[in-house]
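Colleague: Below are the structure tokens for one structure; questions will follow.
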Amino acid sequence: MRYLTLFVALSTFPFAARGAEPAQVVLVIHGGSGVLDKREMEEAGVTRQQFEDALAAALKAGYEMLKRDRSSVDAVEAAIRVMEDSELFNAGRGAALNRDGRAELDAAIMEGNMDGRGEGKSDPRKRAGAVAVVSHIKNPISAARAVMEMPGSRHVLLVGEGAEQFLMSVGIERVSNVYFWTDRRLKQIREIHKQNAGDKSRGRLSAADPRQTSVDRRFGTVGAVALDIDNKRMLAAGTSTGGLTDKLPGRVGDSPLLGGGIYADNRACGVSCTGTGEVFMRHAVAHDVVARMLYGEKSVADAVQDTITELPDEEGGVGGLIALDRNGRHAFGISPNSLGMYRGYATAEGQFYVAIEAKDPDKRIHPE
Ligand code: ASP
């Protein structure tokens, strides 16, 4: 088994003054780990500025919620909805298309605890909701929240037709699947169908296949982790994705699976992942970070570093994750076979920072 070395952005805390405590971070976001370099962005007809603007808009939407004393769940939902509405990411509008040329979307949201009372497994009110394989939902993160908040129900994960029926009954916005057929995604799936014609390996396409990492495929899953600014200090995490391009209909990745692509526990941290879902599922990556903090008493930075370092390079496993603890310390983990991860964070004072490639320093931004 080959182990990966990694990039973990430990040095990214903005310092208020030399020697001062790092500023508290209240919102961390990602827009996927399959980032494009300059030449690839040109080829795909997108610019770095567009990504930075989209990340800034997501940070602003989430931060505004926290500033208005809304919950960390509100902040996560608001930030993710902005990215779902952008074609730049593999979630919502920009979702990848499956082998049948349809979008099937997955998302989950989770609270670290409820109302600041009781924590972790000892708290029966700890809530989470998720949807998978939905094909008519404009903003799957809001659908996941509707499942979490379903009155009188213990359900956590709803899939397919049953999920769509429930979501219709509670007024979650529906769209035709055509909404997801962007020019980029249609071109991409047509090219793959052409390549696949007569290909004996069809059906076994994995992320290790170089075709899986062609430029048009690398528009990423989105996620957010937020911390209430008020004294409840509740963490919440969310992840939303279109999954993998050319996936088999019905395939579900790690994003809606608690412990795989998302987890939140106020005793440790909130986590949202992006990357080869099957690897993240098998290795319970999101919960692995939480467990290292809980049982190994690691800091969030060390926990993220250890998790990513020990992530096996299975099936070309590639990806990254974001984490935020209850003290407002955050960490980004990016596996070394990823060029970077679209990412950003907001401090309690309202300073926003974004970065794309792993080597990029955090860039302070001032959204409109
Ligand atoms: N993890 C997602 C999935 O496997 C894909 C991604 O993050 O790009 O569905």
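The values are calculated or read from the model by the stated rules, or taken from the named source; none is laboratory data. Keep in mind the model is a prediction, meaning the values are calculated, not measured. When we count neighbours, we look across all protein chains shown, and the Cβ atoms used for this are built from the backbone with ideal geometry, even at glycine. What goes into the accessible areas is simple: the full protein's heavy atoms, side chains included, and nothing from ligands, DNA or RNA. Shrake-Rupley method; radii C 1.70, N 1.55, O 1.52, S 1.80 Å.
Colleague: What do you reckon, how do HIS155, HIS366, HIS287, HIS330 stack up by accessible area (1.4 Å probe), largest on top?
Modeller: Correct descending sequence by accessible area is HIS366, HIS155, HIS287, HIS330.
Colleague: Let me ask you something else. With a 1.4 Å probe and every protein chain left in place, work out the accessible area per residue of segment 23-118 in Å², rounded to a whole number.
Modeller: Computed with neighbouring chains in place, this is 32 Å² per residue.
Colleague: Sort 147-153, 319-325, 101-107 by packing, meaning the average of other beta carbons within 10 Å per residue, with the highest value first.
Modeller: 319-325, 101-107, 147-153
Colleague: Also, quick follow-up: Compute the Cα gyration tensor for segment 23-163, then decide on rounded, prolate or oblate, letting a ≥ b ≥ c be the square roots of its eigenvalues: rounded whenever a/c is under 1.5, prolate when a/b is larger than b/c in the other cases, and oblate in all that remain.
Modeller: Oblate is the answer for segment 23-163, as a/c is 1.5 or above yet b/c matches or exceeds a/b.
Colleague: With a point put 7 Å past each Cα toward its Cβ, work out how far ARG174 is from GLU161 in nm, to one decimal.
Modeller: About 1.4 nm, to one decimal.
Colleague: Compute the distance from the alpha-carbon center of segment 259-278 to that of segment 142-194, in whole Å.
Modeller: One Cα centre to the other: 21 Å.
Colleague: Something else about it: With charges set only on the Cβ (+1 for Lys and Arg, -1 for Asp and Glu), what does the dipole of segment 130-175 come to about its Cα centre, in debye to the nearest 20?
Modeller: Dipole about the Cα centre, nearest 20: 80 debye.
Colleague: For the ranges 75-82, 250-257, 279-286, 87-94, what's the packing order if you count other beta-carbon atoms within 10 Å of each residue, average per peptide, and put the highest first?
Modeller: Top to bottom by mean Cβ count within 10 Å: 75-82, 87-94, 250-257, 279-286.
Colleague: Treating only the Cβ of Lys, Arg, Asp and Glu as charged (+1, +1, -1, -1), what charge dipole size does segment 258-368 show about its Cα centre? Round to the nearest 20 debye.
Modeller: 320 debye
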